[in-house]
1. Would you check if Glu99 is in contact with a helix residue (DSSP H, G or I) (Cβ under 7 Å, 6 or more places away or on another chain), acidic (Asp, Glu) and assigned to a helix (DSSP H, G or I)?
2. Checking Val39 against (1) surrounded by 11 or more Cβ atoms within 10 Å (Cβ to Cβ); (2) modelled with pLDDT under 70, which test does it fail?
3. Tell me which residues, restricted to region 245-290, are among the β-branched types (Val, Ile, Thr) and assigned to a loop (DSSP other than H, G, I, E, B).
4. Going through Asn572, Asn568 one at a time, which residue ends up being polar (S, T, N, Q), surrounded by 13 or more Cβ atoms within 10 Å (Cβ to Cβ) and at pLDDT below 85?
5. Could you look through region 378-408, keep only residues that are small (Gly, Ala, Ser) and loosely packed, with under 15 Cβ neighbours inside 10 Å, and pick out the one that is modelled with the highest pLDDT?
6. Identify, please: which residue in region 503-540 is under 25 Å from the mean Cα position of the chain (by Cα) and not in a loop (DSSP other than H, G, I, E, B) and is, among those, modelled with the lowest pLDDT?
7. Looking at Ser603, Ser582, which one is of a type in the set (Gly, Ala, Ser) and free of Cβ contacts under 8 Å to residues at least 40 places away in the same chain?
8. What is the residue count in region 143-159 for residues that are under 12 Å from Glu178 (Cβ atoms) and loosely packed, with under 10 Cβ neighbours inside 10 Å?
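The values are calculated or read from the model by the stated rules, or taken from the named source; none is laboratory data. From a predicted model like this one, the values you see are computed outputs, not experimental measurements. Backbone-built Cβ (ideal geometry, glycine too); neighbour counts: all protein chains shown.
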Amino acid sequence: MPAYTFENLPASEEEIDYSDLERKFAIPEQEETLENVVVVDNLPIVDSSKEEKLIKVLKNKVFKKSGKVKENGFHMPKADVKGVEKTKGYAFVEFETAEQAQAAIRNVNGFEFEKSRFLLVNPFMDVEKYVEVDDEYRAPPAEPYVEREHLRSWLADEYGRDQFALYADQELSVWWNETDQPAEKIKGRQNWTESYMQWSPLGSYMCTFHRQGLVLWGGPSWSKLMRFVHLNIKSADFSPSERYVVTLSSDPIDVEAVSALLGPENAHQNPYSAADQGNSVCIWDARTGTLLRSFALPIGKDGNPTKTTWPQFSWSPSETYFARMTHETSISIYQAPSMVLLDKKSLATPGIQDFSWCPSVLTDPRTGAARPELLAYWTPEEGNLPARVSIVSIPDRALVRTKNLFNVFAAALHWHPSGKMLCVRVQRFTKSKKSRFTNLEIFRTGERDVPVDVVELKDSAVAFDWEPTEDNFRFAILHTDDPTPPQTNSSGIAMAAVKTNASFYSFERKGKLVKKEGFQLLNTLKNKSATLLKWSPHGRYIILATMRTMTTCTLEFYDTDFDHSAANKSGNPGDAITLLASTEHYGITDLEWDPTGRYVFTSASSWRHSMENGYVLWDFKGQMLHKVMLERFKQIHWRPRPRSLLTEEQRRQVRKDLKTYAREFDEMDERKLHAADAQLMTQRRRLVSEWETWREQVGEFLEKETDDAVADGYKLPIAADNEDLVVEEIVEEIVEEKEEVIS
């Protein structure tokens, strides 16, 4: 603006020149980007008559959940093919925001549009990036190799020891288990977790929970391996081989809150997009930390989120599929790692109450080829329709076996670890509807046509557990004739134990001694107060425990194959079941076998009550090895072990040479014990040496101080006539005391 004076003022406002101000304060034009545009490849090639239909399907079905496509946002290049104008098999899709475009890439990339046709979705900006790539190849600079710590290094321990995690007060620590000596501490840290800890299924990771999310730790140095940002996380679950992690938060995802937590400099690390807003369940890649997909909580028939259950998803043993119930009308089965719904539709199961995957992939006994994975579920009675247990194969959804059930009150699914047996524990009403009893419907899924065995009980079953051995199908069950469960206090602890019986069953093939093939009763232990039964991880040994009651806290250790002479004499294998020890642990809240089946932890957690908190270590025979009482004790858990790599032939050879190995381990234990004794003696000698050195130093100091005091004229007290002072001490001792009553 030129300088104006009274002489050259413009006649009107329109004549004022603002050009210099406009140049100085002009708003710069924003550079238009194409980050909201994606390229969709591998589309069907269609002519003009089908182009609109294809765009409608893409817009309303494929990209609907990712964001809103702009009006006229689909651009499909065309080419003339033998006189007919057809699309080229790819399209440019323009969304309203760049966040929606990123959501489309994450949700639709790899989507199965048709059979064997998977869509490829990439950012349009990648086109410009790759166009500018130099045609001449230049090798990237070699990055220095950084060796990662071995996540299973603890398995190579010289003494074959197991580890466990202990959480007491605010300290979480990891320890080596010792038999004859106190446990050896490996690592401990204050405030390592804010709520609780958890091991992964194979023991590779230790999980800690924080307000910001989940953290995985591992390796010899217990360094941080991975962090998953999920605010106010409550629970976490792993797939069977630890490839995927599922997290749940009580608070729906807030993308802006996560960005604010990370800060402007780390905003690019925000794993969430607009498509994740409001969801509560996340699935992550455990090795890379990548968010694969997020889910909202299931919606009930009333339109509100259903009651939160955990785990939210159940994984197939191969980790290829994961599923959950929706609306009590279907099972939604998803594929991994694409995270898309299998066949783009749920498995219809009206009224479904529960489902469970077979824990292992079965093989065809004739060809050895892997069979489809199995999924079992049950539905209750409705109107004139009976309750039903169904087993289907996945992914073909073929019905493998089904059975109708009547007068059903509840049911529970129990798979044998081998996957060759499925026990459905069915609670039924009597004819009067006033009491209940239990039937066990056992499906032999490892056999052709899946035959079903029925075990009838006259009373109600309260607990069931398979013996976890592949070559033997035995189970134990607790049952009671008391129709009313015990009352619980505000902490969920039962105030009284119910009288129960423990029965053992075994599957017997038809033979000389067995007239009818099926499950036979071996033995019944009567008048017990147990509320839990737990087999050793390698079978044979079992514990009957009374837990979480303040009146009875008993533990009974049994060997189911102890007295073979009695079993051979009577012809009943159940006579071999022998009580090894009967003991107590007051206030017991948790019980856990170690992975080898040699030791057992029982603990009393302050999360349930505040009396005599701590843990006890037992051996498999019921002998107490260590008892530790800790203030504000919370958790103790064994570190799981992965499955052994030894073949069955190698295992048989180990059992054959067991005496040789036993001598070697006995010698190793002896050397270790002597080393511990030598270490103790060395420590005592060091303490005595330090004490004597201190006394010499103090003596020399006193002598010097005395000489200096005498030199300054201080007179030392001496006895009369230069005789030594004699101090007499009279000690009275009552030899005998007699009390006589005088009338």
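1. yes
2. With respect to (1) surrounded by 11 or more Cβ atoms within 10 Å (Cβ to Cβ); (2) modelled with pLDDT under 70, Val39 is out only on (2).
3. Passing the criteria: Ile253, Thr288, Thr290.
4. The match here is Asn572.
5. Only one residue tops the list, namely Ala398.
6. Residues of region 503-540 under 25 Å from the mean Cα position of the chain (by Cα): 531-539.
The next check asks that each one be not in a loop (DSSP other than H, G, I, E, B); those that pass are 532-535.
Working: Leu532: 89, Leu533: 92, Lys534: 94, Trp535: 96.
Among those that are under 25 Å from the mean Cα position of the chain (by Cα) and not in a loop (DSSP other than H, G, I, E, B), it is Leu532.
7. Ser603
8. To start, the set of residues in region 143-159 that are under 12 Å from Glu178 (Cβ atoms) comprises 157, 159.
Imposing the further condition that a residue be loosely packed, with under 10 Cβ neighbours inside 10 Å reduces the set to none.
Number satisfying all stated conditions: 0.
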